[in-house]
């Protein structure tokens, strides 16, 4: 923008909004050295005007509860949407763009659901709709895909994109906790919300993955058909058994490209302990990419929090603030990205982990391994844990590469055996 | 640039130039989808016109050995300098900018030595002088510092920036090789040049660090006063002893900021095995940053090679090719960056590793630890390795935090004891 003072309106003044305002104040002269611009938070849209605020960015910043105060103000250059939710946020972004303002947002759910529509509008208006903070907090994955790796065809993305789920699994792994105790710990530490559904059921990671797929592949993978499996049914027993085999359980977001077709999903998976993502613990996020030129690249950092997320929002604001900044929202010239060409999820090939609960009696191993053989599942390792004869024992199988489809068919047969006492637990191995 | 075809001249057609040309051909339609532009390699400057080339990007690309063929050609938009070296490369870049052409370079040595001058010229001409490939190959560290983390004050950068040195240390660690055998292995695998001085003496890493300091701190740290220590004198014995204590030896490039003053240097150091950089093996590079907003961020990838480095060069070309691309070479508004304010290197505080070679006789440990105490060096761990009485034995000390200055003074005293049979080996611990 060819002006010295950039006026910003914040919509939402929670954790991230406060963090952003703090950085803008703290790094004020630094930001001016970088951009030649003064960033001024002119208006702040909040739900409750009477709430006492521990931090106010500037005595001149005006709080308002009326969205029109932002939209009608011709002096505002950039609207920063940090309200969350879908409908109100959509209205704000849509109206901001229509009234000629650039938008920066951290709202992954909204972009995953209505990104197409909003990007088309932004492009029509030649305005920025930037969203670095929407995926993996402070990690600059959006710009990396949009710019730094733009010349690459991305062969795969494998990410730990949800800090809450990763914190819970890390606690379960390091302390041997069960899921609900670890969830409580996450809530007490401020890493999980009162209603943790979006995080633990993989939905938040799915929102982020659809955004990454747009950036990496220039294609729209509808959220409604993305296979999503969360961690709420993860049993501490499998984490401990996996550990004995040298694996660690992580909630993985993955997309792989094969002959222009995409395989994608959110699922808990076992990673070998020396896998580069295996050491990503607690609330951290990490993304491993494979480009056809750059090879493997990994980015690591805090996936949430006031200052890390604020840092990402600020980078978008500073990009827009540049003189003659080239607006590039999606990383592609098309206004509407085509639908992704999708491989049927059950055709995906992985290695697998099974834990069967079986009565310890003759013929069990032979029957089970027979069914796997019939389904072209080749066993790499099998361990029957010792237990009292005739009683329930766990049998763990690690397999070579096999299609999910074969796995599901085999398990359907196996779980019908009368000596199988509980549904077999199955995880993919990366 | 507001035209549909971007004409490129390559200066130098070795590994990286060939890699770049391959990616541009391979990802042609993808690049057009991203940018709306067609990238054409119009001219290629080479030293030897008669050399048979295994790969030619385009039948229309013209090889020349005359620099003026590039400079005089008004149709060329971007000159890509991949010749290496200082003088000729300087002439090319200087003349290209003067004749109105954008420049993309991978030449870290040139930027470290003459960056100020060239950036000032580029800024005067309002032209791009981009250099993503100059540091850490395919890892997008330049853009990350220039844009993504631009709102942060960077508190520290700790990097493994030289793949050759890292490959050699990895070989020494995993196979117990001595330095020269590992260097030979690196040369045989194409990871080290016939004259490996720049890589093994830390000079290449120093070039890269000065570029990172410019980007992160907006300051010029003269290469001539940057403390540089390489790995050519690393003894396999210390790698093995460090391993026993749970540490791994890496060649580290580091800058730390304290009250607007910088502490920087290149040195081999011990990293705890669970340090995030400890697992960076072989020819890989990795950079750990700490920003005052984003917290810790780590980037990892291939630091060299035709396609990874080509990927970085291509990202610069694509950035410049954008319509109305905002030119930003240094990440700061100033044309000339100020000299860095520098902390005297000996004031830096670290933990330390010492290996003394001492005759096994009474009073040794007491004398040595007495000297350390007098110099305010507090011992965290001490191990005297068993050996025949009266003969030479290694004594290893790990210390708490102490100033380098104290360490150097103490070692000067200790190494004069008559029971000390060889100069004490000293490494910092991160």
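The values are calculated or read from the model by the stated rules, or taken from the named source; none is laboratory data. All values derive from a computational prediction rather than experimental measurement. Quick reminder, even Gly has a Cβ in these numbers, built from the backbone with ideal geometry, and neighbours come from all protein chains shown.
All told, residue A:36 meets the bar of being on the phi > 0 side of the Ramachandran plot and either away from chain B (no Cβ under 14 Å) or in contact with a helix residue (DSSP H, G or I) (Cβ under 9 Å, 6 or more places away or on another chain) (or both). The single condition among (1) in contact with a helix residue (DSSP H, G or I) (Cβ under 9 Å, 6 or more places away or on another chain); (2) surrounded by fewer than 22 Cβ atoms within 10 Å (Cβ to Cβ); (3) at pLDDT below 95 that residue B:276 does not satisfy is (1).
Table: residues versus (1) outside the structural domain of residue A:128 (by TED's automatic domain parsing); (2) touching a helix residue (DSSP H, G or I) at 6+ places or on another chain (Cβ under 6 Å); (3) farther than 25 Å from residue A:308 by Cβ.
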residue	(1), (2), (3)
A:32	no, no, no
A:58	no, no, no
A:64	no, no, yes
A:71	no, yes, yes
A:77	no, no, no
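In the stretch B:298-316, the residues that are more than 7 Å from chain A (Cβ to nearest Cβ) reach residues that are in a strand (DSSP E or B) with C-beta atoms within less than 7 angstrom, at least six apart or across chains, in these pairs: B:303/B:284; B:303/B:285; B:313/B:80; B:313/B:104; B:316/B:104; B:316/B:130. Restricting the stretch B:96-110 to residues that are within 23 Å of the chain's Cα centre (by Cα) and crowded, with 24+ Cβ neighbours inside 10 Å leaves a set whose member that is nearest to the other protein chains (Cβ to nearest Cβ) is B:104. Scanning for something crowded, with 22+ Cβ neighbours inside 10 Å and farther than 25 Å from residue B:302 by Cα, does the stretch B:45-55 turn up at least one residue? Scanning the stretch B:45-55, I find at least one residue that is crowded, with 22+ Cβ neighbours inside 10 Å and farther than 25 Å from residue B:302 by Cα, so the answer is yes.
When the residues of the stretch B:123-135 are filtered to those that are in contact with a helix residue (DSSP H, G or I) (Cβ under 7 Å, 6 or more places away or on another chain) and in a loop (DSSP other than H, G, I, E, B), which remaining residue is surrounded by the fewest Cβ atoms within 10 Å (Cβ to Cβ)? So, considering only residues that are in contact with a helix residue (DSSP H, G or I) (Cβ under 7 Å, 6 or more places away or on another chain) and in a loop (DSSP other than H, G, I, E, B), the one surrounded by the fewest Cβ atoms within 10 Å (Cβ to Cβ) is B:125.
Checking the condition in contact with a strand residue (DSSP E or B) (Cβ under 9 Å, 6 or more places away or on another chain), outside the structural domain of residue A:130 (by TED's automatic domain parsing) and at pLDDT below 95, which residue from A:250, A:258, A:208 passes?
A:258
Among all residues of the stretch B:162-172, there is none that is assigned by TED's automatic domain parsing to the domain that holds residue B:291, modelled with pLDDT of 95 or more and surrounded by fewer than 19 Cβ atoms within 10 Å (Cβ to Cβ).
Is at least one residue of the stretch A:294-307 surrounded by 24 or more Cβ atoms within 10 Å (Cβ to Cβ) and within 19 Å of residue A:79 (Cβ to Cβ)? No, that holds for no residue. Looking only at the stretch A:276-286, decide whether some residue is at the interface with chain B (Cβ under 10 Å from one of its Cβ atoms), closer than 20 Å to residue A:216 by Cα and touching a residue at least 40 places away in the same chain (Cβ under 8 Å). Yes, some residue in the stretch A:276-286 is at the interface with chain B (Cβ under 10 Å from one of its Cβ atoms), closer than 20 Å to residue A:216 by Cα and touching a residue at least 40 places away in the same chain (Cβ under 8 Å). Checking every residue in the stretch A:341-360 against the condition of being more than 23 Å from residue A:412 (Cβ to Cβ) and under 33 Å from the mean Cα position of the chain (by Cα) gives at least one match.
Against the criterion of being closer than 30 Å to residue B:76 by Cα and buried (at least 23 other Cβ atoms within 10 Å of the Cβ), residue B:141 qualifies. On inspection, residue B:317 fails the criterion of being outside the structural domain of residue B:157 (by TED's automatic domain parsing), surrounded by fewer than 24 Cβ atoms within 10 Å (Cβ to Cβ) and closer than 30 Å to residue A:32 by Cα. For the stretch A:1-20, a residue qualifies if it is buried (at least 24 other Cβ atoms within 10 Å of the Cβ) and within 12 Å of chain B (Cβ to nearest Cβ), and the qualifying residues are A:16, A:20. In this entry, residue A:209 is excluded by the filter for residues that are within 14 Å of another protein chain (Cβ to nearest Cβ) and either assigned to a helix (DSSP H, G or I) or touching a residue at least 12 places away in the same chain (Cβ under 8 Å) (or both). When you scan the stretch A:401-409, do you find a residue that is part of a strand (DSSP E or B) and either touching a helix residue (DSSP H, G or I) at 6+ places or on another chain (Cβ under 9 Å) or assigned by TED's automatic domain parsing to the domain that holds residue A:222 (or both), even just one? Yes.
The number of residues in the stretch B:327-348 that are closer than 11 Å to residue B:119 by Cα and touching a strand residue (DSSP E or B) at 6+ places or on another chain (Cβ under 7 Å) comes to 2. Take the conditions assigned by TED's automatic domain parsing to the domain that holds residue B:250, under 19 Å from residue B:281 (Cα atoms) and at pLDDT 95 or above and apply them to residue B:189. Does it pass? No: the conditions fail for residue B:189. Applying the criterion of being assigned to a loop (DSSP other than H, G, I, E, B) and in contact (Cβ under 8 Å) with a residue 60 or more places away in the chain to the residues of the stretch B:229-257, the residue that is farthest from the chain's Cα centre (by Cα) is B:245.
Taking the stated definitions as given, is residue A:381 touching a residue at least 12 places away in the same chain (Cβ under 8 Å) and within 21 Å of residue A:240 (Cα to Cα)? Answer is yes for this residue.
Considering A:345, A:362, the condition of being free of Cβ contacts under 8 Å to residues at least 24 places away in the same chain, more than 21 Å from residue B:287 (Cβ to Cβ) and more than 9 Å from chain B (Cβ to nearest Cβ) is satisfied by A:362 alone. When restricted to residues that are surrounded by 14 or more Cβ atoms within 10 Å (Cβ to Cβ) and not in a loop (DSSP other than H, G, I, E, B), the stretch B:410-420 contains 5.
Conditions tested, residue by residue: (1) more than 26 Å from residue B:276 (Cβ to Cβ); (2) away from chain A (no Cβ under 14 Å); (3) in contact with a strand residue (DSSP E or B) (Cβ under 9 Å, 6 or more places away or on another chain); (4) not in a loop (DSSP other than H, G, I, E, B).
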{"residue": "B:150", "(1), (2), (3), (4)": "no, no, no, no"}
{"residue": "B:158", "(1), (2), (3), (4)": "no, no, yes, yes"}
{"residue": "B:174", "(1), (2), (3), (4)": "no, no, no, yes"}
{"residue": "B:182", "(1), (2), (3), (4)": "no, yes, no, yes"}
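Going by what's in this entry, would residue A:108 be described as over 27 Å from residue B:316 (Cα atoms) and in contact with a helix residue (DSSP H, G or I) (Cβ under 6 Å, 6 or more places away or on another chain)? So residue A:108 passes the test.
Among the candidates A:333, A:322, the residue that is within 10 Å of another protein chain (Cβ to nearest Cβ), in contact with a helix residue (DSSP H, G or I) (Cβ under 8 Å, 6 or more places away or on another chain), modelled with pLDDT under 95 and more than 30 Å from residue A:23 (Cβ to Cβ) is uniquely A:333.
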